[in-house]
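K.L.:
Quick one: structure below, then a few questions.
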Amino acid sequence: MTQATQFHLPPSVKKSNDCPTEHAGVRAWVFEMIQLLQPDQIHWCDGTDVEKENLTRQAVDAGILIKLNQEKLPGCYYHRSNPNDVARVEECTFICTRTKDEAGPTNNWMAPEAMYQKLYGMCRGAMKGRTMYVIAYLMGPPGSPLTKIGVEITDSIYVVLSMRVMTRMGYVAWDQLGVDGSYTKGLHSMLDVNPQRRFIAHFPQDNMIISVGSNYGGNVLLGKKCLALRLGSYLGRDEGWMAEHMLILAVESPEGEKTYVAAAFPSACGKTNFAMMIPPNRFKGWKITTIGDDIAWMKPGSDGRLYAINPEAGYFGVVPGTNSKSNPNAMLSMAKDTIYTNVALTPDGDVWWEGKDGEPPKECLDWKGNRWTPASKEKAAHPNSRFAAPMANNPALAPEANSPEGVPISAIIFGGRRASTMPLVFQAFNWIHGVYVGATMGSEMTAAAAGTVGQVRRDPMAMLPFCGYNMGDYFSHWLKMRKLLKNPPKIFHVNWFRRNAEGKFLWPGYGENVRVLKWIIDRCRGRVYAGESPLGWMPDAKDIDTEGLTNFNPQDMEEVLSVDIEDWKREVLLQDELFYKMYSDLPKELLFQRELLIARL
Ligand code: OXD
Ligand code: MN
């Protein structure tokens, strides 16, 4: 444990504890931020249980958290956000590289000096009357060569308590930082939680994040989207690894054969459900365990395979629609020690949301605190209401989630929410084709980001909102990674959301997705046939096991696997929308892949 040391404060600032670090850079930066932000008090977070108890009590006293029914939900608390602050906001998210070109055509950009000036201007005196918390946290298991250290300054007790769930924070991180470790700086102030004064700014060349005007997880838990994806992708490009918006899971066969898979789906397309899936009876003896549900950091190993870690320690999942059928493991994960945000609150201190098991409550308070009954027109829980739960709660947690070496990935799966066009599954012909498949991914929009729900948007590798540099260079980095891998993962595309002419889902989804996963694994291990299609290698209908599927008509297999050439001609044109925007930055290989696809069609 790091020794407490003297840290001289301006006389107006109280301290609640001693500084736990001798790191000169961190101390100097914190001192500078105290002068800028002018807090009443500073608290260095140590990550202990005593600290958690104290901060939780303070948050309850201040009305920031509501203690839930401890018999039903031990250790669980409830938070309502400002109604203007319920999702990530891409229009307020900036990549402040030295030149606009480095940020590329898909990111908002501002010159670093201008952005610093603007945000430091807003931050002057912003913590008057508030406590400034200093959080050191690890992204990744302690001791992993892939792990990075972050230090976040915040004036939000909700952030501190959520960071405790989502990362390994406190002494474990102060210790790994040591006296001269490198780290990502993150400054967060809620200011007055005003959308007009909301900015999430990334300075990749300074390894720095500034987030102001919000208190929503994706904008303010700076280890997650800001460090693990935006700065992570930038660092990965320079250091020869990949930061991806991917879940990681392990599939174990009844014979004990383990295969690791990473999968990228856009926000709120079921990554958490897929990562925690429970195989159906037909797959008795098969086990799926979760390594991560949102982010993968992947690096080539000495054996030429791609090794992945989950940098996070918790889940920040979408709640509505979660129930004991769609995701029993998520239900158990959030049964204790969880912070719920923007769900509905029942009179007996329980939580409720649309799609939860059982009947809706006769009455409750909705996510805004207004009385709600089943006759109400508005939803009780916000569609992007969330749970923050420690991954240790997940009954299906893979022990490898804490392994510093990470796990060797055999398959990378891309997917989106598509009512038509995209078949249930296909395999890319090779890595370069797989990069093209990922780069042209599209999905119907959901509530995780502000925008028009339902419209198809291109979301390359599910990274459009999370790539910390020029997306064209990001594709080149993907292509270059192939050269570092003797045994690269095979690449696949899936779509669980295809519908028939009547609008009914063709595939049952959820735990049944293991049937598709099995085909994918058999392909990786060279055990199953595939036929060539214009899109890639596809299964024969008979090669996807449908035995025991009660809610699936085997005739539908042909339809869910079908490739409609006319649909695909339109799809290629739609894909061009993003390709045109990025044209001058696109690697030639991808344009060539586009030509090949058109020729095959
Ligand atoms: C998330 C997201 O919160 O992708 O994970 O939006
Ligand atoms: Mn995500």
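The values are calculated or read from the model by the stated rules, or taken from the named source; none is laboratory data. Keep in mind that this is a model prediction, so the values were computed, not measured. No Cβ is skipped: glycine too gets one built from the backbone with ideal geometry, and neighbour counts run over all protein chains shown. Surface areas here come from the heavy atoms of the whole protein model, side chains and all, with no ligands, DNA or RNA. Shrake-Rupley method; radii C 1.70, N 1.55, O 1.52, S 1.80 Å.
K.L.:
Efficiency by 1/(1 + (r/R0)^6): what FRET value for Ser533 and Lys486, r their Cβ-Cβ distance, R0 = 30 Å, to the nearest 0.05?
P.N.:
0.60
K.L.:
Simple spin-label model, 7 Å along Cα-to-Cβ: Trp286 to Glu257 in nm?
P.N.:
1.3 nm
K.L.:
Would you please put 49-58, 223-232, 305-314 in order of how densely packed they are, using the mean number of other Cβ atoms within 10 angstrom per residue and starting with the highest?
P.N.:
223-232, 305-314, 49-58
K.L.:
Give the accessible surface of the chain per residue, rounded to a whole number of Å², with probe radius 1.4 Å and ligands, DNA and RNA excluded.
P.N.:
On the way: 22930 Å² over 601 residues.
For the chain, the solvent-accessible area averages 38 Å² per residue.
K.L.:
Which of Ala462, Val30, Asn310 sits farthest toward the positive end of the charge dipole of the chain, with +1 on the Cβ of Lys and Arg and -1 on the Cβ of Asp and Glu?
P.N.:
Val30
K.L.:
Filter the GluC sites (Glu not before Pro) in the stretch 536-585 to those in DSSP coil with at most 10 other Cβ atoms within 10 Å of their Cβ, and list the result.
P.N.:
When the GluC sites (Glu not before Pro) of the stretch 536-585 are filtered for loop state and at most 10 Cβ neighbours within 10 Å, Glu547 remain.
K.L.:
Within the stretch 78-187, which trypsin sites (Lys or Arg not before Pro) sit in a loop by DSSP and count at most 10 neighbouring Cβ atoms inside 10 Å?
P.N.:
The qualifying sites: there are none.
K.L.:
Could I ask something else about it? Which residue, Tyr183, Pro11, His43, has the largest displacement toward the positive end of the dipole of the chain when charges sit on each Cβ (Lys, Arg +1; Asp, Glu -1)?
P.N.:
Final value for the positive-end residue is Pro11.
K.L.:
In what order, largest first, do Ser233, Ser182 sit by accessible area if the probe radius is 1.4 Å?
P.N.:
Ser182, Ser233
K.L.:
For the chain, what is the charge dipole size about the Cα centre, in debye to the nearest 20, if Lys and Arg each add +1 at the Cβ and Asp and Glu each add -1 at the Cβ? Walk me through the intermediate numbers first.
P.N.:
Details: 65 positive and 66 negative charges, 78 e Å.
That gives the chain a dipole magnitude of about 380 debye.
K.L.:
Let me ask something else about it. Treating the beta-carbon of each Lys and Arg as +1 and of each Asp and Glu as -1, no other charges, what is the dipole magnitude of the stretch 260-409 about its Cα centre, to the nearest 20 debye?
P.N.:
Here the stretch 260-409 has a charge dipole of around 340 debye.
K.L.:
What distance in nm separates the two pseudo spin-label positions at Lys100 and Glu53, each 7 Å out from Cα along the beta-carbon direction?
P.N.:
Roughly 5.6 nm, to one decimal.
K.L.:
Just grab the label-to-label distance for Gln41 and Val60, each label 7 Å out from Cα along the Cβ direction, in nm (one decimal).
P.N.:
1.8 nm
K.L.:
When the accessible area of the chain is computed with all protein chains present and a 1.4 Å probe, what percentage of it is carbon and sulfur?
P.N.:
Percent of accessible area from carbon and sulfur atoms in the chain: 51.
K.L.:
Next question. Obtain the radius of gyration and the Kirkwood radius of the chain from its C-alpha atoms and give Rg over Rh.
P.N.:
Computed over Cα atoms, the ratio is 0.96.
K.L.:
Moving on to the next point. So what are the stretch 489-601's ellipsoid semi-axes, whole angstrom, largest first, if each one is the square root of 5 times an eigenvalue of the alpha-carbon gyration tensor?
P.N.:
29, 18, 13
K.L.:
Also, quick follow-up: What FRET efficiency comes out for Ala501 versus Asn323 if R0 is 25 angstrom and r is the Cβ-Cβ distance? Round to the nearest 0.05.
P.N.:
After rounding, the FRET efficiency stands at 0.30.
K.L.:
Longer than 32 Å from Cα to Cα, which of Lys72/Lys379; Lys14/Lys271; Lys490/Lys569; Lys325/Lys377; Lys483/Lys542; Lys299/Lys569 are they? Say none if no pair is.
P.N.:
Table pairs above 32 Å Cα-Cα are Lys14/Lys271; Lys483/Lys542; Lys299/Lys569.
K.L.:
Explain nothing, just the number: dipole magnitude of the stretch 539-601 about its Cα centre with +1 on each Lys and Arg Cβ and -1 on each Asp and Glu Cβ, in debye rounded to the nearest 20.
P.N.:
My answer is approximately 420 debye.
K.L.:
Note down the accessible area of Asp543, probe 1.4 Å, to the nearest 10 Å².
P.N.:
Accessible area of Asp543: about 50 Å².
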